[in-house]
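Since the structure comes first, as structure tokens, the remarks are kept for the end.
The values are calculated or read from the model by the stated rules, or taken from the named source; none is laboratory data. Keep in mind the model is a prediction, meaning the values are calculated, not measured. So basically every Cβ, Gly included, is an ideal-geometry build from the backbone, and we count neighbours across all protein chains shown.
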């Protein structure tokens, strides 16, 4: 295997995505691994980092199109593109992440309150005494 390239199983293990999910992200064009003559997928570190970024976006509810947009922004910035519009778009993603994270924190707080309410109800039930 060429230096610095890993197969899909190692990628899946490293970043905690299923093989099926990684293949899906390839099918929709979010990551493009190299291929051996035998058709095996080979991922470089850039591919692995792209998949890690996608994994972070998924629980926040970003669509595939939004993921594609952010990947395009980060790719262009990495290549040295100095288009000021890229930084504006990146800032919009930053704000969206912060807002979605706030919503998740609120949902988590409500879930914890609910779990506590159920625990108290169970403890105060006649059969628990």
Selection status of residue 125, farther than 17 Å from residue 12 by Cβ and at pLDDT 95 or above:
no
Output the residues belonging to region 1-34 that are touching a strand residue (DSSP E or B) at 6+ places or on another chain (Cβ under 6 Å) and not in a loop (DSSP other than H, G, I, E, B).
6, 8, 11, 34
Find all pairs meeting these conditions: Cβ atoms under 9 angstrom apart; at least six residues apart or on different chains; first residue within region 89-102 and loosely packed, with under 13 Cβ neighbours inside 10 Å; second residue assigned to a helix (DSSP H, G or I).
101/60
Pick out the one residue from 85, 16, 39, 80 that is modelled with pLDDT under 95 and surrounded by fewer than 14 Cβ atoms within 10 Å (Cβ to Cβ).
39
Considering (1) in contact with a helix residue (DSSP H, G or I) (Cβ under 7 Å, 6 or more places away or on another chain); (2) outside any helix (DSSP H, G or I), say which one residue 100 fails and leave the rest.
(2)
I'm trying to understand the selection: among the residues of region 5-23, which are under 15 Å from the mean Cα position of the chain (by Cα) and over 16 Å from residue 56 (Cα atoms)?
19, 20, 23
When region 41-88 is checked residue by residue, the ones that are over 11 Å from the mean Cα position of the chain (by Cα) and under 24 Å from residue 103 (Cα atoms) are 65, 66, 68, 69, 70, 71, 88
Looking at region 40-82, which of its residues are in a loop (DSSP other than H, G, I, E, B) and more than 20 Å from residue 3 (Cβ to Cβ)?
61, 62, 63, 79, 80, 81, 82
